[in-house]
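Let me begin by presenting the structure, written as structure tokens, before commenting on it.
Coordinate-derived values only; no laboratory data. The structure displayed is predicted, hence computed values, not measured ones. Backbone-built Cβ (ideal geometry, glycine too); neighbour counts: all protein chains shown.
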Amino acid sequence: MNTVANELTRFSALRRRILEAEPDIDDETLADTLEGATNLLEALTALVRSAIDDADLVAALKTRIAENRERLDRLSGRLEKKRTLALLAMEEAGLDRIMEPDFTLSLRTAPPSVVVTDESLIPEWFFVPQPPKLDKRALLDTLKAGTFVNGAALSNSRRSLSVRTK
């Protein structure tokens with residue numbers, strides 16, 4: 001990235017000097033001269049190739065993370081099934097405690113938990129107020145439709161870089 005910045009500085013300075021010396025130079029000649037005198041195009045090409053490599057790595061890592069999440073879910077489910085089976089077997093056998101050299105199993109009664117049967121009947125003081133969240137998508141759609149909204153406006157369009165690979 002430093003190379004691109006350095007080459008861009010050289011390119012801009014050279015362009016300015018050429019235009020000062022030859023104000024009537026045609027665009028094609030100027031472009032050819034600048035291309036031959038600087039390495040800006042090569043630096044940009046290398047930068048974009050590096051970005052494409054990074055994009056490939058990002059895609060591969062996302063796939064790997066998704067696969068590992070699936071594996072985590074499978075292992076978590078398997079763990080829960082094994083614990084449930086051990087609990088049921090101990091209850092059925094009337095065993096409250098099993099002591100082994102590397103672990104101890106014991107059955108205990110968990111404290112009661114809340115079961116909501118009809119949320120609409122619960123008094124409002126049990127609800128925690130949530131701060132409102134701005135729906136930026138709806139706001140954008142409204143502004144694009146031409147409706148004025150106090151406190152919001154559409155930004156100016158900006159250019160973006162499109163990279164297509166084969």
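With bins 10 Å wide starting at 0, give me the P(r) of region 111-166 over every alpha carbon pair, in whole percents.
In order of increasing distance, the bins hold 14, 23, 18, 20, 14, 11, 0 percent.
Using all alpha carbons of region 73-166, what is the percent of pairwise distances in each 5 Å bin, ordered from the shortest bin to the longest?
Distribution as computed: 2, 7, 8, 8, 8, 7, 7, 9, 8, 7, 7, 7, 7, 5, 1 percent.
How far apart, in nanometres, would the label points at residue 104 and residue 81 be if each is projected 7 angstrom from Cα along the Cα-to-Cβ direction?
About 3.1 nm, to one decimal.
For the chain, set up a GNM with springs between Cα atoms under 10 Å and report which of 21, 153, 13 has the largest fluctuation.
153
Report the paramagnetic label zone for residue 72: residues of region 23-64 whose backbone N is under 17 Å from a point 7 Å from Cα along the Cα-to-Cβ axis.
Flagged as within label range: 61-64.
Tell me, which longest segment in the chain has none of the chymotrypsin sites (Phe, Trp or Tyr not before Pro) that fall in DSSP loops with at most 14 further Cβ atoms within 10 Å?
Numbers: sites that count: 103, 127, 148.
Between the exposed loop sites, the longest stretch runs 1-102.
As a test of the formula, what do you get for the chain when each DSSP H run with n ≥ 4 contributes -39,500 (n - 2.57) and the sum is divided by the residue count, at 222 nm and rounded to the nearest 500 deg cm²/dmol? Show your work: numbers first, answer last.
Numbers: 4 runs with 94 residues, N = 166.
Value at 222 nm, helices only, nearest 500: -20000 deg cm²/dmol.
Taking percent of Cα pairs over 26 Å apart straight from the coordinates, which label in (i) 29; (ii) 23; (iii) 73 is the correct one?
(iii)
Find the lysine pairs in the chain meeting two conditions, Cα atoms under 29 Å apart and a separation of 8 or more places or different chains, and report how many there are.
Values: 62/81; 62/133; 62/136; 62/166; 133/144; 136/144.
The number of close lysine pairs in the chain is 6.
How many angstrom lie between the C-alpha centres of region 104-147 and region 69-95?
Region 104-147 and region 69-95 have Cα centres separated by 30 Å.
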